[in-house]
Structure formats: structure tokens, C-alpha cells
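Reading through the C-alpha cells given below for one structure.
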Amino acid sequence: MSHLTNNNTYEYVIIGGGMVAGYAVNGIRKEDADGEILVVSKDADVPYERPALSKKLWLDDEFTEENIKIGAEGQSNVTFRFNTTVNKINRENKSIQLGDDTIVYYDKLLLATGGEPMTLDGPDDPHVIVFRDWSDYRKLRQFSGNNKHVVIIGGGYIGSELAAALVQNDTQVTMVYLENTLGENQFPEAITAEYEDAFKKGGVNLVSGKKAESYQRDGDHLVVALDDGSQITGDTIVIGLGVSPRIALAKASGLKLEGDGIAVDEYLQTNDPAIWAAGDIAYYPDKILGKQRIEHVDHARNSGEQVGRNMAGAHVDYTHTPYFYSNIFSIAWQAIGTLDPSLPQVFDKRENGTIVYFLKENRLAGVLIWNVTVDLDDVRNLLENPPAKDDLVGSIKEK
Ligand SMILES: Cc1cc2nc3c(=O)[nH]c(=O)nc-3n(C[C@H](O)[C@H](O)[C@H](O)COP(=O)(O)OP(=O)(O)OC[C@H]3O[C@@H](n4cnc5c(N)ncnc54)[C@H](O)[C@@H]3O)c2cc1C
């Protein structure tokens with residue numbers, strides 16, 4: 001599967017082998033049965049669903065690693081180059097340069113390079129995992145359980161989901177984060193209290209309002225140094241400090257950037273008609289929310305499939321407004337738009353949960369669905385045609 005053919009010329013070349021790449025291959029195949037596709041990926045694995053790495057694979061015994069594959073590897077005429085970095089794009093002769101200096105020519109190019117995870121000062125160590133990939137999941141499986149102690153740095157999605165997952169898998173967990181209350185950057189105060197409480201009740205040791213500055217190995221253990229001079233000792237460290245968009249290749253080749261991403265139009269096409277971008281790196285015009293960049297799976301899946309179809313000639317607008325979500329212990333939440341607790345909010349209490357409406361300049365800007373089951377298209381319609389503030393409560397039906 002890894003030989004370059006056709007004088008190193010492909011109709012479709014995809015840089016990145018993550019979620020967008022997987023869905024884009026499937027999208028291309030919906031429109032074009034056999035055009036040659038090359039996927040060049042720094043990863044070692046075929047495209048897979050990342051969200052399962054911090055959730056379902058830990059919590060559902062019936063769900064195995066085989067279930068996370070997107071299926072792009074099963075399509076015809078697809079070649080994968082794994083463990084390979086693209087170092088350069090030469091737009092003049094429509095080529096890319098791989099890490100081993102091989103030159104590959106494209107007819108149509110997709111940038112799907114995702115986000116680069118932030119890390120922490122300290123030596124390379126097999127027990128320090130900057131959690132992002134399938135291989136990180138495999139390592140953490142090996143290093144957790146048996147009452148081992150994992151120190152998680154960061155209380156965002158990955159940190160909090162892994163804290164909940166590990167503590168339910170016979171592992172001691174300490175989670176360190178900057179916020180005074182977990183979730184306070186996204187959720188209203190009334191909700192953060194319930195959220196943090198779920199972790200306490202679940203048995204996670206919470207260290208709030210502290211910055212992890214560095215780590216060191218000390219014999220069999222790792223020691224994390226915090227900004228107040230204190231230390232936490234554990235067997236393994238997991239770093240979940242967020243990502244920054246990988247746009248260096250686009251920048252160096254002179255493609256138009258906007259916001260902190262790669263500028264694309266409604267077809268997910270860059271200012272070079274032979275180059276597209278989607279997923280975490282794309283700054284795109286959302287039909288309802290306006291121009292934005294969003295690092296979430298619903299967007300990766302939908303923009304990935306749409307961009308693949310468009311590269312193969314469909315030329316259809318990307319009109320899907322993505323939602324985002326997380327599942328922690330018995331809490332399940334979903335959201336569309338802006339979650340910003342500094343904005344005015346309207347609370348809509350339901351039997352088992354709450355819907356929170358966030359208002360910007362008196363107009364609905366975001367909706368948080370907390371432990372309530374709704375049709376997300378109703379939320380999209382509400383954001384597109386918001387009623388007056390006083391009519392928000394009760395405006396979304398429960399399913
Ligand atoms: C553990 C985890 C859990 C998540 N859970 C959720 C969730 O519950 N809900 C949610 O909405 N989102 C979640 N996400 C986010 C979601 O997975 C991402 O938004 C999505 O993967 C983005 O897809 P992408 O293709 O843009 O980037 P990625 O999937 O990150 O793929 C990028 C690819 O590009 C490759 N690459 C980068 N640079 C180069 C280069 N120069 N040469 C070759 N290859 C390169 C990388 O190796 C990788 O293969 C989660 C992410 C992780 C890591």
C-alpha cells in the first residue's frame with residue numbers, strides 16, 4: 001500500500017491522515033470511482049475516529065479498536081504513506097516535497113493537517129503522553145489500571161474525559177488545571193458546580209487554579225512542578241493542553257490565511273483553485289455562525305466528506321453548522337455556537353437537565369444542551385432565526 005506509482009503523480013493528494021482525510025477519501029469516492037488518491041500522514045495508522053480514544057474505548061467493553069476505523073483504507077486506488085511528513089508545497093509546479101525529499105505531483109491537493117498539541121517543559125519519557133493519537137491510547141492502556149497513578153495536566157475536553165475514563169478503569173487520577181472551577185470558561189456557574197462535583201464524586205483528585213510548569217523523572221516516578229512551588233508525583237503524565245492549527249505549510253506557500261486558520265470559501269477551496277482545506281485548520285464561512293474555525297469532530301466529518309466530493313467536482317456549498325459535545329460520567333452535553341459565561345444567559349430548566357441560551361448584543365449566539373435530548377436541527381433553526389429573548393424558554397422541544 002505504500003509504493004508511489006504513476007511517476008509520482010496523483011489526481012488527489014491529501015496532506016494529513018486524520019479524520020478529515022478519512023472522510024475526504026470516502027467523499028471523493030462518492031463522486032469519482034477510481035481517480036488515484038495519495039494520503040501522506042505523519043501518523044502510523046489508517047484514519048480513525050479520535051473521540052473514542054478518550055471515551056468509548058474505555059467505557060464500553062463491546063466497543064473495540066477495530067470499531068474506530070473510518071474505512072478509507074477499504075476504498076479502491078488509495079495509497080497511504082504513513083510516518084511521513086510533508087515539508088513543502090510548490091504551487092507553481094503543483095507538487096509537494098516529502099520528508100525523504102521525494103517529490104509528488106498533484107492535480108488537486110487537500111490540506112488536512114489538524115492541530116499541533118501544546119506540551120510542557122520536561123525530558124522525553126515514554127510515560128509522558130501528549131494525548132492525541134491511537135498510539136497514545138495504546139500506551140495509556142498499558143500504563144493505567146492496577147491502581148497506578150496518572151497525573152493529567154489540563155481540564156479541557158481531553159483532560160476531563162480521560163480523567164473520568166481512567167478513574168472508572170482502576171486508576172488513581174489527579175487532574176491539574178488553571179481554572180478555579182472546572183469548565184468555568186464554557187459553562188455558567190450553576191452548571192460548573194454540578195460538573196466539578198461529578199468528578200469529585202467519581203473519585204478524581206482535583207487540583208484547581210494551578211499551572212503545571214514542568215516535569216522531571218525521579219527514579220520510578222514522574223514529578224510535576226506547579227506554579228505555587230508544590231509538586232505532584234505520579235507513574236504517568238498525560239498532557240491535554242489543547243492544540244494550535246498546523247498552518248505552516250500553507251503560510252510558507254503563500255496561501256491566504258484568515259483568523260488563525262487557512263481561508264477557504266463556501267466550497268472549502270483556498271485562494272488557489274487546486275488546493276482545498278478542511279477540519280481544524282480551515283477558517284470557513286458558516287451559514288449560521290459566520291466566519292469561524294472550529295476544532296470539533298462533527299465539523300471534521302462533514303467538512304471532510306464535503307471537501308472530498310467538491311475536489312471530485314461536486315461543487316456544493318458546505319452548509320452544515322457543526323455541534324460539539326462531551327460525555328463525562330452520567331453527564332452528556334452538546335452545544336452549537338458560542339459558549340461564553342461572560343455573556344448574558346437565559347436558563348430553560350427541563351425535567352432532567354437545562355438548556356442555556358447565550359446572547360451577544362441581544363441576539364442568540366450559542367446554545368448549551370445539558371442532559372437534555374433534542375433535535376440539533378431545532379437548535380440550528382433557532383440560531384438562524386432567533387426569537388425575542390423573552391420567547392426563548394420552551395422554544396426547543398425535547399425528544
Ligand atoms: C482524544 C481526542 C478526543 C476528541 N474528542 C472529541 C469530541 O468528543 N468531540 C469533538 O467535537 N471533537 C473531539 N476531538 C477533536 C476532533 O477529533 C478533531 O477536531 C478532528 O480530529 C480534526 O480532524 P482533522 O483531520 O482536522 O485533524 P486530525 O484528525 O488531527 O488529523 C491531522 C493529521 O495531519 C497529520 N499531519 C499534520 N501535519 C502533517 C504534515 N506536515 N505531513 C503529513 N501529515 C501531517 C497528522 O499526523 C494527522 O494525521 C477529539 C480529539 C482528540 C485527540
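Among the residues of the range 37-68, those that are free of Cβ contacts under 8 Å to residues at least 40 places away in the same chain and more than 13 Å from the ligand (Cβ to nearest atom) comprise D60, D61, E62, F63, T64, E66, N67.
If a residue counts only when it is in contact with a Phe, Trp or Tyr (Cβ under 6 Å, 6 or more places away or on another chain), among the hydrophobic types (A, V, I, L, M, F, W, C) and buried (at least 17 other Cβ atoms within 10 Å of the Cβ), which strands (runs of 3 or more DSSP E) contained entirely in the range 166-231 have at least 2 such residues?
On the way: elements: 172-176, 205-207, 212-218, 221-226.
Filter on the range 166-231 gives 221-226.
The residue that is farthest from N381 (Cα to Cα), among those in the range 258-312 that are hydroxyl-bearing (S, T, Y) and touching a helix residue (DSSP H, G or I) at 6+ places or on another chain (Cβ under 9 Å), is T270.
The test for being farther than 20 Å from G279 by Cβ and buried (at least 18 other Cβ atoms within 10 Å of the Cβ) does not hold for D60.
Is it true that some residue in the range 8-18 is surrounded by fewer than 20 Cβ atoms within 10 Å (Cβ to Cβ) and either within 14 Å of the ligand (Cβ to nearest atom) or not acidic (D, E) (or both)? Checked the range 8-18: at least one residue is surrounded by fewer than 20 Cβ atoms within 10 Å (Cβ to Cβ) and either within 14 Å of the ligand (Cβ to nearest atom) or not acidic (D, E) (or both).
Cβ-Cβ distances below 9 Å connect the following pairs, each with a first residue in the range 330-349 that is without any contact (Cβ under 8 Å) to a residue 12 or more places away in the chain, a second residue that is in a strand (DSSP E or B), and a separation of six or more residues or different chains: K349/I355. Restricting the range 376-398 to residues that are among the β-branched types (V, I, T) and part of a loop (DSSP other than H, G, I, E, B) leaves a set whose member that is surrounded by the most Cβ atoms within 10 Å (Cβ to Cβ) is I396. Considering only the range 32-50, I want to know if a residue exists there that is in a helix (DSSP H, G or I), under 23 Å from V307 (Cβ atoms) and of a type in the set (A, V, I, L, M). No, the conditions are met nowhere in the range 32-50.
Taken together, the criteria place G71 among residues that are modelled with pLDDT of 95 or more, in contact with a helix residue (DSSP H, G or I) (Cβ under 9 Å, 6 or more places away or on another chain), surrounded by 13 or more Cβ atoms within 10 Å (Cβ to Cβ) and outside the structural domain of D220 (by TED's automatic domain parsing). Among the residues of the range 12-31, write down those that are over 20 Å from the mean Cα position of the chain (by Cα) and assigned to a strand (DSSP E or B). Selection gives Y12, V13.
Restricting the range 290-301 to residues that are more than 8 Å from the ligand (Cβ to nearest atom) and in contact with a strand residue (DSSP E or B) (Cβ under 6 Å, 6 or more places away or on another chain), which is nearest to P51 (Cα to Cα)? Residue satisfying both the conditions and the ranking: R293. Number of residues in the range 111-155 that are near the ligand (Cβ under 10 Å from one of its atoms) and in a loop (DSSP other than H, G, I, E, B): the value is 6.
Every condition in (1) in contact with a Pro (Cβ under 7 Å, 6 or more places away or on another chain); (2) among the charged types (D, E, K, R); (3) assigned to a loop (DSSP other than H, G, I, E, B) is met by D280 except one, and the failing one is (3).
The values are calculated or read from the model by the stated rules, or taken from the named source; none is laboratory data. Bear in mind the structure is a predicted one, so any value in this text is a computation, not a measurement. Heads up, the Cβs are rebuilt from the backbone with ideal geometry, glycines too, and the neighbour counts pull from every protein chain shown.
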